[in-house]
Amino acid sequence: MGTIENRTLHALVDAAVEGLPPAAQAAPRSIVEIGTAHIVVLLDGNAAVRIGRNPGMAPAMRKRQQLVDSIPESVGFLLPRSLGPVVELEGLSAVATRLIPGGPCPAGDGGPGQLQDLLSSVSSIPMEPLEGLLAEPLAFCGGSDWYRIQCEEVLPRLDQDVQERAADAVAALADLEPVREVFAHGDLAGHNVFWEGNRIVGVLDWDLASRSDRSTDLACIGAWNGWDKLPLIAGSPDVRRAAVRRNTFRLQQVAFALLNGRPADEVGKAVARANTWLRERL
């Protein structure tokens, strides 16, 4: 699952760029294995084509592109807006989008001022016009069913010596007090935030955008850009909530692998990473 033959991949790209100028269609292509759910093909200097790894992803891809295309330009950074419709071939789907310049910053880098502005801009996106396009909170690991999945499917797979601390982390997330909800990107870090020098220029991958609270994106920023920066970005209540979310990240990755039918060895690696993280960090 998740492997696409080279012939099919390029046929999908051909279909996605059919309406683009000839120079874009003929541009050199480079394949980027960029995410757990998607492959990205870059058309040198012209566009990016996002391809779903698994069949049946077209409805979700259309919904996600409608969301991206509906976010106001005033957000202050570039978005991967659609350059054409979502196309389908052999059950797989693809879409051509604007090419975002720059690239991700190394783990641990990123100026607090830029990160604070990023968090403020994202959390200020108006939700009402986008309401029907937003994902469930925690959609990555089961959405409204996330707690049951953790208790019944994830925790029993962990080594016995870390199961109690994992259960405590899951319970802490379930017990977070409700606070004011805002727009949350859901994975606001790493390869989804593009920089040019010391400035953030664009944000990719809006699949997990939801109605949540600021700690959702703050936790992602801390996990990638450095936890020591968070007190310079947000207040202590948000930082504490972000820590609760961070403590379940490895467990969420196990749930994702299970929910998406990943091979047993991939699930095993996710479990091993969770065991190690729990021993070393909790």
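Placing unit charges on the Cβ atoms only, positive for Lys and Arg and negative for Asp and Glu, gives the chain a dipole magnitude near 260 debye about its Cα centre.
Take the Cβ atoms of residue 279 and residue 151, set R0 to 25 Å, and the FRET efficiency comes out at 0.75.
For trypsin sites (Lys or Arg not before Pro), the sites in the range 177-220 that DSSP calls loop and that have at most 16 other Cβ atoms within 10 Å are 180.
Which angle between 0 and 90 degrees, to the nearest 10, do you get for helix 249-259 versus the longest principal axis of the chain when only C-alpha atoms count? The helix 249-259 is inclined about 60 degrees to the chain. Taking 242, 169, 27 in turn, the Gaussian network model of the chain (Cα-Cα springs below 10 Å) assigns the largest fluctuation to 27. Once the Cβ-Cβ distance between residue 179 and residue 10 is put in as r, and R0 is 30 Å, what FRET efficiency do you end up with, to the nearest 0.05? My answer for the efficiency is 0.05. For the chain, the percent of C-alpha pairs falling in each 5 Å distance bin, counted from 0 to the bin holding the largest distance, reads 1, 5, 12, 15, 17, 18, 14, 10, 5, 2, 1, 0. Structure remark: mean-square fluctuation, Gaussian network model of the chain, C-alpha springs under 10 Å; the largest value among 188, 118, 155 belongs to 155.
Between 154, 87, 32, the Gaussian network model of the chain with springs among Cα atoms under 10 angstrom shows the greatest mean-square fluctuation at 32. Rolling a 1.4 Å probe over the protein heavy atoms of the chain, with every protein chain left in place, gives an accessible area that is 52 percent carbon and sulfur. Short-range pairs are left out: with C-alpha atoms under 8 Å and at least six residues apart, the relative contact order of the chain is 18 percent. For the range 117-193, the fraction of alpha-carbon pairs lying more than 16 Å apart is 64 percent, rounded to a whole number. Taking DSSP loops as anything outside H, G, I, E and B, show the longest stretch in the chain free of GluC sites (Glu not before Pro) there with at most 12 other beta carbons within 10 Å. Result, exposed sites excluded: 91-282. Considering the range 155-282 at the alpha-carbon level, its Rg and Dmax are found to be 15.5, 45 Å.
The mean accessible area for residues of the range 1-59, using a 1.4 Å probe and ignoring ligands and nucleic acids, is 50 Å² per residue.
The values are calculated or read from the model by the stated rules, or taken from the named source; none is laboratory data. Computed from a predicted model, the values in this text were never measured in an experiment. In this analysis, Cβ positions are derived from the backbone assuming ideal geometry, glycine residues included, and neighbour counts consider all displayed protein chains. Surface areas here come from the heavy atoms of the whole protein model, side chains and all, with no ligands, DNA or RNA. Shrake-Rupley method; radii C 1.70, N 1.55, O 1.52, S 1.80 Å.
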